[in-house]
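See structure below.
The values are calculated or read from the model by the stated rules, or taken from the named source; none is laboratory data. Owing to the predicted nature of the structure, the values given are computational and were not obtained by experimental measurement. Using ideal geometry, Cβ is built from the backbone for each residue, glycine included, and neighbour counts are taken over all protein chains shown. SASA here: full protein model, heavy atoms, side chains in, ligands and nucleic acids out. Shrake-Rupley method; radii C 1.70, N 1.55, O 1.52, S 1.80 Å.
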Amino acid sequence: MKTLSQSPTDPGFVQNPYPFYDTARAEGDLVFWQDYNMPAAVSHKAVQDIFRDRRFGTECPAELAPVAPSHLAPWLAVEAHSLLEAEPPRHTRLRALVLRAFTSRAIAALGPAIEQLCHDLIDAFPSEPFDLLDAYCTQIPVITICRLLGVPESMAPDLLRWSHAMVAMYQAGRNRQIEDAAAQASQDFAAFLTEYIEQRRTDPRDDLITRLIAAEEDGEKLSRAELISTCILLLNAGHEATVHSLGNGVRTLLQTRISADVLHPDTIDRTVEEILRYDPPLHLFTRYAYEEVELFGHRFKRGDQVALLLGAANRDPTVWSDPNTFDPTRAITTNSSFGGGVHFCVGAPLARLEMRIGLPILFDRCPNLRLAGHPDYADTYHFHGLTNLMVRI
Ligand code: HEM
């Protein structure tokens, strides 16, 4: 396995990580990424095979778990009960509860309200240049997930603040200041939800929080800690990546000056998939090996970690011809943006719906939409999203 070195905070890499991915993929399915001190899967096959391989998982083997520093206790308390960090059978139980709210019927029913929300947001656009990421791309997912869960929309600014502080823990350049901010945000977020859940116990409605509270009251299906962690995960995951899928998508559509034909009802599905393939908002997830495994010529020991590079998998030339070209007319082939295997994104149908509705309405209502500044990516690898998206209409 070839060893490669690439700082994840190097400005050139942050703006365009794809040349590094191409170099890495040319070396094989796995390379050793020195800066992360672990092997990285860079081909579509390697990423998908490891996502689906039950000999790998997200939960650190207990005997190898590092001692938790006390200043991180509130953050770790949320993480410890998160679906994303759990493996079967705990994962199966938690995921089944959440999935009940994500049936295709329940998601499709959100469509008319998302449509109305898009129009209301556009009605409020200013005439001078403004940040579309803030005014549109952020608002659609954050308000929609508030509605789905049943949390007041007026909480959106707090949810965004808490979520940004918490997800910074997964980004390159984590330091004590980031850790303290994440711990504080976790504590505040959990305190808000604890109080809100108490309030909602006697006020059941047709929303996800009501169903999760009922599961907790059942006693066996969901503990109090799992209830809080699940709400936090859904609220955070419900917007962080979708905001940047919309932002990266608008940027690509404007920069490639592609005709609005790709946003018609019969072409939009391909366009959304191509946006997700071409420039996904999340680029790296890790897995632990649970036993000795020989894969792609490398022997993993129990506890070894491997990085799965989604952005690299999505540009694999053995799966997509001319993969570095944005081509919304290509046939849909499942890409890795939503992961794979048992942790495959629960919110994929909702994220796709928000993009399918939000992009055509935006370009239809704002036919003169133009960039009003250079949209730069934020130095937040493994997230890949813009700092802002200044436009004029
Ligand atoms: C375009 C937007 C989105 C992208 C690119 C995305 C991507 C992903 C990825 C790659 C994973 C797998 C992580 C892993 O295997 O370790 C994941 C898991 C997850 N996502 Fe998303 N996501 C998006 C939107 C959403 C939305 C809107 C929601 C909620 C409403 C959501 C909720 C979740 C949850 C709960 C999990 C954990 C599933 C599990 O562990 O079983 N995501 N997402």
I'm a student and want to see the number: the projected area of the Cα convex hull of the range 287-329, averaged over all directions, in nm². 4.0
Send over the semi-axes of the range 23-148's equivalent ellipsoid, whole angstrom and largest first, taken as the square roots of 5 times the C-alpha gyration tensor eigenvalues. 36, 23, 19
Take the chain, drop everything but the C-alpha atoms, weight them equally and run the Debye formula without solvent; then report log10 I(q)/I(0) at 0.08 Å⁻¹ to two decimals. -0.42
Trypsin sites (Lys or Arg not before Pro) within the range 287-350: DSSP coil, no more than 15 neighbouring Cβ in 10 Å: Lys301, Arg302
Counting only heavy atoms of the protein chains, get the accessible area per residue of the chain (1.4 Å probe) and round it to a whole Å² value. 43
What fraction, in whole percent, of alpha-carbon pairs in the range 10-61 exceed 13 Å separation? 67
Estimated distance in nm for a label pair at Asp10 and Ala113, the labels positioned 7 Å out from Cα along Cα-to-Cβ: 4.6
Dipole-positive endmost among Val319, Leu263, Leu276 within the range 220-344 (Cβ charges, Cα centre): Leu276
Would you work out what percent of the accessible area of the range 301-393, with all protein chains in place, is carbon or sulfur (probe 1.4 Å)? 51
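Under the definition of Cα pairs under 8 Å and six or more residues apart, what whole-number percent is the relative contact order of the range 201-317?
Once normalised by length, the contact order is 17 percent.
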Helix-only mean residue ellipticity at 222 nm, the chain, DSSP H runs n ≥ 4 weighted -39,500 (n - 2.57), per residue, nearest 500. What is it? -14500 deg cm²/dmol
After finding the eigenvalues of the alpha carbon gyration tensor for the range 139-207, what semi-axes result from the square roots of 5 times each, listed largest first in whole Å? 26, 15, 8
Assigned charges on the beta-carbon of Lys, Arg, Asp, Glu; the range 167-326 dipole about Cα centre (debye): 500
For the range 253-393, what are the per-bin percents of Cα-Cα distances with bins 5 Å wide, up to the bin holding the maximum? 2, 8, 15, 18, 20, 15, 9, 5, 4, 3, 1, 0
Using amide H atoms built in the peptide plane, which far-off residues or other-chain residues are under 5 Å from Leu282 H to H? His384
For the range 130-263, projected area of the alpha-carbon convex hull averaged over all directions, nm²: 10.7
What are the lysines whose alpha-carbon lies under 19 Å from the alpha-carbon of Lys45, with same-chain residues fewer than 8 places away excluded? Lys2
For a Förster distance of 22 Å, can you work out the FRET efficiency between the beta-carbons of Ala214 and Thr194, rounded to the nearest 0.05? 0.80
FRET efficiency for Ala65 and Arg161, using Cβ-Cβ distance with R0 set to 41 Å, rounded to 0.05: 0.90
Do you know the relative contact order of the range 22-146, to the nearest whole percent, from alpha carbon pairs under 8 angstrom that are 6+ apart? 12
Taking +1 at the Cβ of each Lys and Arg and -1 at the Cβ of each Asp and Glu, which of Cys231, Cys60, Ser336 sits farthest along the dipole of the chain towards its positive end, judged by Cα position relative to the Cα centre? Ser336
